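Q: Supplied in structure tokens, the structure appears directly below.
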Amino acid sequence: YRLFEWPWLTNSRLVLIGIANALDLTDRILPRLQARPKCKPELLNFAPYSREQIVAIVQDRLNQVSGENVFDSVAVQFCARKVSSVSGDARKALDMCRRAV
């Protein structure tokens, strides 16, 4: 916990940035930070990817790997629709494509 107090020390130039998939991580893992007003973390929520964004990400990755069509565009649309409806996590869509090949 002391590490998280370092940015608020006098003359400190330290900035801590934590990245997590769970929005409640600070509540579950670091509850003492919530009790100290100076140490309370700022949360920045990133919205899940939309279907269109997942299609663009997958197609971009496929174009980087091969110039030929590895997947039919309907398959990419189907994958993106399924993933965006459940989690919006582009990594899951890319993993699905990896397993399909």
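Q: Considering only the stretch 52-71, how many residues are more than 15 Å from the chain's Cα centre (by Cα) and open to solvent by less than 100 Å² (accessible area, probe 1.4 Å)?
A: Of the residues in that region, 10 qualify.
Q: Just checking, which of 43, 30 is open to solvent by 100 Å² or more (accessible area, probe 1.4 Å), hydrophobic (A, V, I, L, M, F, W, C) and closer than 24 Å to residue 7 by Cα?
A: 43
Q: Which pairs turn up if I take residues in the stretch 1-26 that are farther than 30 Å from residue 47 by Cβ and look for partners that are of a type in the set (Ser, Thr, Tyr) and surrounded by 10 or more Cβ atoms within 10 Å (Cβ to Cβ) with beta carbon separation below 8 Å, at least 6 apart in sequence or on another chain?
A: Listed by first residue and then by second, the contacts come to 6/12.
Q: On the given criteria, is residue 9 open to solvent by 60 Å² or more (accessible area, probe 1.4 Å) and under 14 Å from the mean Cα position of the chain (by Cα)?
A: no
Q: Across the stretch 35-60, what is the number of residues that are modelled with pLDDT under 90 and in contact with a helix residue (DSSP H, G or I) (Cβ under 9 Å, 6 or more places away or on another chain)?
A: Counting residues in the stretch 35-60 that are modelled with pLDDT under 90 and in contact with a helix residue (DSSP H, G or I) (Cβ under 9 Å, 6 or more places away or on another chain) gives 6.
The values are calculated or read from the model by the stated rules, or taken from the named source; none is laboratory data. On a predicted model such as this, the values are computed, not experimentally measured, just so you know. In this analysis, Cβ positions are derived from the backbone assuming ideal geometry, glycine residues included, and neighbour counts consider all displayed protein chains. When the accessible area is computed, the model is the full protein with side chains, heavy atoms only, and any ligands, DNA or RNA have been set aside. Shrake-Rupley method; radii C 1.70, N 1.55, O 1.52, S 1.80 Å.
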